[in-house]
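> First the structure, then my questions, so here it is.
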Amino acid sequence: MKYKIVISLLRLIARLPLPLLYAQSSLLWPVAYYIVRYRRKVTRNNLLRSFPEKSKKEVGRIERAFYRHLCDIVVETVKMLHLSDAEMLRRVDVKGTELMEQAAAEGKPVFLFIGHYGNWEWVQEVTRRISAPTVHGEIYNPLRNEVFNLVMRDIRQRYPTSLIEKNKAVRTILRMKRDNDSYLIGFIADQRPTRHSLHHWTTFLCQDTPFMVGAEEIGSHVGAKYLYLDVEQPRRGHYTMTIQDMVPTATYEDFPYTRLYLEKLEATIHRQPELWLWTHKRWKHKRPSVSNEA
């Protein structure tokens, strides 16, 4: 019952034109920032540690811009319940699709590294701009709240992309390999690993950072082609998504594609830092004094 009420309300809101929704977002972000103070401490600490060269005034500007963008993400995601293909085509520019199509022509699975950057819910628009692969999957972590988990599944199923739970990823992807010459899997790979998976560390945004290697480990078993999705926001409500090749250098001794992904993501973040998800407790765990990095 709760789910039906929530999804019905969101479908009504989604019928509003985007300019009106952005106007609501402009009213919402000061409430989230100044009154509710949603994760303000986490966000400020993350920014200060990531940009030690910036003044507090500069960090404050990025912080406020981030909260404006965060509220925009909310309304953009709700709008997916009632957003025409033509409107999405106008708002999202996708470049570099030939890299995916070439990999598909060679019969290789395509693993696309993505970050919590820009509006990652709109990234599935990439699948509408390619002729191949024609089979698509997205790895995701179910939300703890059952109602909102069902809502997000509804929103994401705007596109014919298989939603693959993280704990079922390995066997699902191996099965996809048996059934298809090529397929596309999106990995949002900038999350914090679980406490029991803190085995690999690097320096990311000036901080000791644990990173997950699941995408690269699975990819090594299926002969995947690894690509990176760079995102820019030329103006509000518009995104440029550029698919980039990943060619590691000899300086990476282990998990070269994952390390290159973090390097590319860091460069993306530095270009428009307000577009990354700073409310995430990315650096909750500390690196042990004796590194267990493989």
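The values are calculated or read from the model by the stated rules, or taken from the named source; none is laboratory data. Bear in mind that the values here come from a model prediction, so they are computed numbers and not experimental data. Methodologically, a virtual Cβ is constructed for each residue, glycine included, from the backbone with ideal geometry; neighbour enumeration extends over all protein chains shown. Keep in mind that these areas ignore ligands, DNA and RNA; they rest on the heavy atoms of the full protein, side chains included. Shrake-Rupley method; radii C 1.70, N 1.55, O 1.52, S 1.80 Å.
> Put a dot 7 Å past each Cα toward the Cβ at Thr203 and Ala65; how far apart are the dots in nm?
Result: 2.5 nm between the two label points.
> Tell me the carbon and sulfur percent of the accessible area for the range 1-82, rounded to whole percent, probe radius 1.4 Å.
That share works out to 63 percent.
> Over the range 122-171, with every protein chain in place, what whole percent of the accessible area is carbon and sulfur at 1.4 Å, could you tell me?
Carbon and sulfur atoms account for 50 percent of the accessible area of the range 122-171.
> Take the cross-link list Lys79/Lys177; Lys79/Lys108; Lys56/Lys264; Lys79/Lys166; Lys95/Lys264; Lys95/Lys177 and give me the ones stretching past 23 Å between alpha-carbons.
Lys79/Lys177; Lys79/Lys108; Lys56/Lys264; Lys79/Lys166; Lys95/Lys177
> For the range 14-97, report the accessible area per residue in Å² (1.4 Å probe, heavy atoms, rounded to an integer).
53
> Around Lys108, what is the net charge, scoring Lys/Arg as +1 and Asp/Glu as -1 over all other residues with Cβ under 9 Å from its Cβ?
Spelling it out: positives minus negatives among the neighbours equals -1.
> Relative contact order of the chain, please, whole-number percent, based on alpha carbon pairs below 8 angstrom and at least 6 residues apart.
25
> Using Cα centres only, tell me the gap between the range 103-161 and the range 32-64 in whole Å.
30
> Give the Rg (one decimal place) followed by the Dmax (whole number) of the chain, computed from C-alpha coordinates and expressed in Å.
19.3, 56
> Rolling a 1.4 angstrom probe over the protein heavy atoms, how many square angstrom per residue are accessible across the range 110-152?
39
> Turning to a different aspect of this structure: Net charge around Leu260, counting only other residues with Cβ within less than 11 Å of its Cβ (Lys, Arg = +1; Asp, Glu = -1)?
-2
> Another question, then. Work the Kirkwood hydrodynamic radius out for the range 214-294: mean of 1/r over every pair of different alpha-carbon atoms, inverted, in Å.
15.1
> Give me the one-decimal Kirkwood hydrodynamic radius in Å for the range 118-257, with the sum taken over alpha-carbon pairs.
16.9
> For the chain, what proportion of DSSP beta bridges, expressed in % and rounded to the nearest 5, is antiparallel?
The antiparallel proportion sits near 40 percent.
> Ok, one more. Rounded if a/c is under 1.5, else prolate if a/b beats b/c, else oblate: with a ≥ b ≥ c from the C-alpha gyration tensor eigenvalues square-rooted, which is the range 1-130?
It is oblate, given that a/c is not under 1.5 and a/b is not larger than b/c.
> Got a sec? What order do Ile13, Ile5, Ile35, Ile114 fall in by accessible area at 1.4 Å, biggest, i.e. largest, first?
Highest to lowest solvent-accessible surface, that is Ile35, Ile5, Ile13, Ile114.
> Right, next: Once R0 is set to 35 Å, what does the formula 1/(1 + (r/R0)^6) return for the Cβ-Cβ distance between Asp245 and Leu9, expressed as a FRET efficiency to the nearest 0.05?
0.20
> Can you give the accessible area of Ser131, probe radius 1.4 Å, in Å² rounded to 10?
Surface accessible to solvent at Ser131 totals approximately 90 Å².
> OK, next. Between exposed trypsin sites (Lys or Arg not before Pro) in the chain, where DSSP calls loop and at most 15 other Cβ atoms lie within 10 Å, what's the longest gap?
145-235
> Could you state how much accessible area Ser162 has, in square angstrom rounded to the nearest 10, with a 1.4 Å probe and all protein chains kept in place?
Its heavy atoms expose roughly 60 Å² to the probe.
> Taking a probe of 1.4 Å, how large is the accessible area per residue of the range 185-265, in Å²?
42
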